[in-house]
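The following block contains the structure, expressed as structure tokens.
The values are calculated or read from the model by the stated rules, or taken from the named source; none is laboratory data. Because the structure is predicted, anything quoted here is derived from the model rather than measured. Counting neighbours? That spans all protein chains shown, and the Cβs are built from the backbone with ideal geometry, glycine included.
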Amino acid sequence: MAGNTAAPGQAQWSSKAAFVLAATGSAVGLGNLWRFPTEVGSNGGGAFVLLYILCVVLIALPLLLAESLIGRHGQRSTIGSAVHLARQSGASPAWSLLAVVGLIANTAILTFYCVVAGWVIYFIGTSAADLIGAIGAGEPLRGAFAPQSVEQIQQMMPTLFANPFLLVGLQFAFLVVTVWIVARGVKGGIEMAATWLMPAFFFLLIGITIYAAITGDFAAAVTYLFTPDFERALQPGVLSSALGQAFFSLSLGGGAMIAYGAYASRETNLGQTSGMIAFADTGVAIIAGLAIFPIVFSVGMAPDAGPTLMFQSLPTAFHSMPGGAIVGFLFFVLALFAALTSSVSLLEISVSWVTEKFGVSRGKAAWGIGVPVFLIGLLSALSFNILADQRPIPFIPGFENATWFDAIDGVTGKLLLPLSGLITAVFIGWVADRKLVNAETGLTGGGLAAWRFLIGWLCPLAVFAILVIGLFPQLLG
Ligand code: TRP
């Protein structure tokens, strides 16, 4: 890659498009398939979707550009890159706090991300067994889980939750694969997955959406997703959930986008690539919503079922679908790859910092960080059974009923990622060398002016306001 002088130990990608592919691979994952529909359902449908899109366009997109330019300029670990830009701008290296918060948040997210990815593995296993059964019976093109009733399919998640050993084993398996990939250096496998499997996944998802549109209650789903209830939208919890989801889904908040920005070549127009990444990620989330909600309404599930929503609605669709046994199996395999291209970006942040700072090998760093990630992840895995009654942070508004799983997910998504984003916006908008920053964006004229306004004014003010309202809802009366 021309002009790309990465710090030692930094993996390199082979093509110019690699940054877009890697960043999109990081962005598209369980956040789109699993977390987006869950949050939509828990926050009243259309109200949430509208706020989510506003947050993506007005807050997340400008920050995506800000983060990727920090990375490309720095060519170091996330913290190293932030320190570098601060020093070059004659500012305090303490601005790298944005990346410190990001590193903590990313590592914490990985702890529960492995748990949810474990559920995906469970469905790969059960659909593989089902597919083998169908082939054995000479009916490979039948629907998924044909011998079971819809009620029994809905029971699969509760059954899994009742088995802590299996849950933890699956969480462990996913983490081991993630650590193994990161330990070997990010290149080969992940680049392949991002280049070939992600597009394949996208087309499969569109096919499933078309099927859901034809057989499910598509009209109800569209009304639900796109008719905003403005009263609901004004509730403080909905707004901070929408912002948190925008950060989570775009892998923002002081982590992946700085790290992957370092892989972008000098010629890459970061303004353009940021737009592409945000567009692709939001598109996948909406399409996933359009695949899941028609089924939710046609079988009479509650849209606010919580984190199990996707894992209960999609298998139901595969059940009635001709060839569903094969489609379901393929879907979960590709979803696993989508999760892996995201989880490696979550782990990469701390690993590249530890290798840079302490000079240890990638392998040692990755396995060493994997151990605490697994142990803390146990709290999330066991939130669905043994620890289901524990409420770790009842004193924080909005977290009164949160389990460990909800707490780690909520604190990282709604507090830490936006906090890092707030520091990034102030740093890039006000502190960092203007000329240098503007040149990195690839933007000119009106585009540049708009971005400067968003990153300097709207992002910091809006994120600050949402954080404060989220923490002190009583301020709104
Ligand atoms: N965006 C990913 C998803 O949607 C998850 C993810 C990867 C992430 N890296 C991140 C979330 C960094 C927050 C911060 O599945």
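Tally the residues that are more than 9 Å from the ligand (Cβ to nearest atom) and either of a type in the set (Val, Ile, Thr) or buried (at least 24 other Cβ atoms within 10 Å of the Cβ) (or both), restricting the search to the range 333-343.
So the answer is 2.
Could you please tell me which pairs satisfy a Cβ distance under 9 Å, a separation of 6+ or placement on different chains, a first residue in the range 240-253 that is within 11 Å of Asp281 (Cα to Cα) and touching a residue at least 24 places away in the same chain (Cβ under 8 Å), and a second residue that is assigned to a loop (DSSP other than H, G, I, E, B) and within 10 Å of the ligand (Cβ to nearest atom)?
Going by the 9 Å Cβ cut-off, the qualifying pairs are Ala246/Leu252; Ser249/Val28; Ser249/Gly29; Ser251/Gly29.
The conditions are (1) over 24 Å from Cys114 (Cβ atoms); (2) surrounded by fewer than 17 Cβ atoms within 10 Å (Cβ to Cβ), and Gly306 fails exactly one of them. Which is it?
(1)
Scan Gln245, Gln235 and give me the residue that is more than 20 Å from the chain's Cα centre (by Cα) and of a type in the set (S, T, N, Q).
Criteria check complete, one pass: Gln235.
Next question, about the same structure. Just the residues that are under 17 Å from the mean Cα position of the chain (by Cα) and either of a type outside the set (Ser, Thr, Tyr) or not in a helix (DSSP H, G or I) (or both), please, taken from the range 49-64.
Val49, Ile53, Cys55, Val56, Val57, Ile59, Ala60, Leu61, Leu63, Leu64
Given the condition away from the ligand (no atom under 16 Å from the Cβ), at pLDDT below 95 and either of a type in the set (Phe, Trp, Tyr) or buried (at least 24 other Cβ atoms within 10 Å of the Cβ) (or both), answer yes or no: does some residue in the range 18-25 qualify?
No, because not a single residue in the range 18-25 is away from the ligand (no atom under 16 Å from the Cβ), at pLDDT below 95 and either of a type in the set (Phe, Trp, Tyr) or buried (at least 24 other Cβ atoms within 10 Å of the Cβ) (or both).
Can you say whether Ala221 is assigned to a helix (DSSP H, G or I), more than 15 Å from the ligand (Cβ to nearest atom) and modelled with pLDDT of 95 or more, as far as the supplied structure shows?
Here the answer is yes, as Ala221 does meet what is asked.
Residue by residue through the range 131-144, note down the ones that are closer than 18 Å to Ile295 by Cβ and either within 29 Å of the chain's Cα centre (by Cα) or in a helix (DSSP H, G or I) (or both).
Within the range 131-144, Ala144 is the sole residue that qualifies.
Here is a further query. Could you run through the range 428-477 and say how many residues are aliphatic (A, V, I, L, M) and under 20 Å from Arg87 (Cβ atoms)?
Counting residues in the range 428-477 that are aliphatic (A, V, I, L, M) and under 20 Å from Arg87 (Cβ atoms) gives 6.
Quick check on my filter: what residues within the range 237-261 are within 13 Å of the ligand (Cβ to nearest atom), part of a helix (DSSP H, G or I) and hydrophobic (A, V, I, L, M, F, W, C)?
Hits for the range 237-261 are Leu243, Ala246, Phe247, Phe248, Ala256, Met257, Ile258, Ala259.
In the range 184-194, what residues are assigned to a helix (DSSP H, G or I) and buried (at least 18 other Cβ atoms within 10 Å of the Cβ)?
Within the range 184-194, Ile190, Glu191, Ala193, Ala194 qualify.
Given the structure, is Leu443 crowded, with 20+ Cβ neighbours inside 10 Å, away from the ligand (no atom under 16 Å from the Cβ), part of a helix (DSSP H, G or I) and not acidic (Asp, Glu)?
no
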